[in-house]
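As structure tokens, the structure follows; a few thoughts come after it.
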Amino acid sequence: MSTYFITGISTDVGKTIASAIVTEALQADYWKPIQAGELDNCDTKKIEKLVTNSKSKFHLNTYALQTPMSPHAAAEIDNVSIDIKKIKTPKTNNHLVIEGAGGLLVPLNNQNTVLDLIKPNYKVIVVSRHYLGSINHTLLTVNTLKEKGFDVSIIFSGNEHQTTENIIKKMTEVPIIGRIDEEPYFDGNVIKEYAELFRNKL
């Protein structure tokens, strides 16, 4: 059984939708170790609504913080300190999809970033969305992961931007799982369609 860690090149690039698709494709368990803000409609609840198979289990956040900010700042407001030793991967006999918070170097405390949550055996999926500066953010993210020896692949999110995608493919030389288009909405059926498309590439 494999563990997949899903990170983004920035915030709001489509990590949660990508996580739902990968979770559905593998009928995997899902876990978001750190949730900051939106606790009434957190990413775990969003994924639960989008995933329709009966095998996936949804594990509780280790830290559920009130404020939609970088985890280190949200934790400070809540008067807690994020201790990565307390962030223990849930025990499961299933594949596991882990969703990070924001990008790779988002701080969790004064010493650790999201990158410190990724264990050597995890497969890492980088979600890349086109915007001015996204090539730089994608290359920095992928190259950091490659330098540390991780198994890395990319999911593009949003409308196709061919010149951006072509240069990212050439310069990273990592597998591209596919693209999640700018859909009018995402529900269980749309997620299932993408799950079928992506399954063989995972």
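The values are calculated or read from the model by the stated rules, or taken from the named source; none is laboratory data. Model, not experiment: these values are computed from the prediction. Virtual Cβ from ideal backbone geometry, glycine too; neighbours counted across all protein chains shown. SASA here: full protein model, heavy atoms, side chains in, ligands and nucleic acids out. Shrake-Rupley method; radii C 1.70, N 1.55, O 1.52, S 1.80 Å.
Sub-6 Å Cβ pairs linking a first residue in segment 6-32 that is within 21 Å of Thr113 (Cα to Cα) to a second residue that is part of a loop (DSSP other than H, G, I, E, B) and hydrophobic (A, V, I, L, M, F, W, C), at least 6 apart or interchain, are Thr7/Leu104, ordered by first then second residue. Could you go through segment 41-58 and let me know if any residue there is assigned to a strand (DSSP E or B) and over 25 Å from Leu139 (Cα atoms). Looking for residues that are assigned to a strand (DSSP E or B) and over 25 Å from Leu139 (Cα atoms), one finds at least one in segment 41-58, hence yes.
Among what's in segment 69-123 and is basic (Lys, Arg) and touching a residue at least 12 places away in the same chain (Cβ under 8 Å), pick the residue that is surrounded by the most Cβ atoms within 10 Å (Cβ to Cβ). Taking the candidates together, the pick is Lys123.
Screening segment 176-202 for residues that are touching a residue at least 40 places away in the same chain (Cβ under 8 Å) and of a type in the set (D, E, K, R) and picking the one that is nearest to Ser54 (Cα to Cα) gives Lys192.
Those residues that are out of contact with any Asp or Glu (no Cβ under 9 Å at 6 or more places or on another chain) and surrounded by fewer than 23 Cβ atoms within 10 Å (Cβ to Cβ), I need them from segment 124-133; list them, please. Selection gives Tyr131, Leu132, Gly133.
Among all positions in segment 12-35, there is at least one residue which is surrounded by fewer than 22 Cβ atoms within 10 Å (Cβ to Cβ), polar (S, T, N, Q) and more than 22 Å from Val126 (Cβ to Cβ). Once segment 134-168 is narrowed to residues that are farther than 29 Å from Val51 by Cα and open to solvent by 90 Å² or more (accessible area, probe 1.4 Å), the residue that is nearest to the chain's Cα centre (by Cα) is Leu140.
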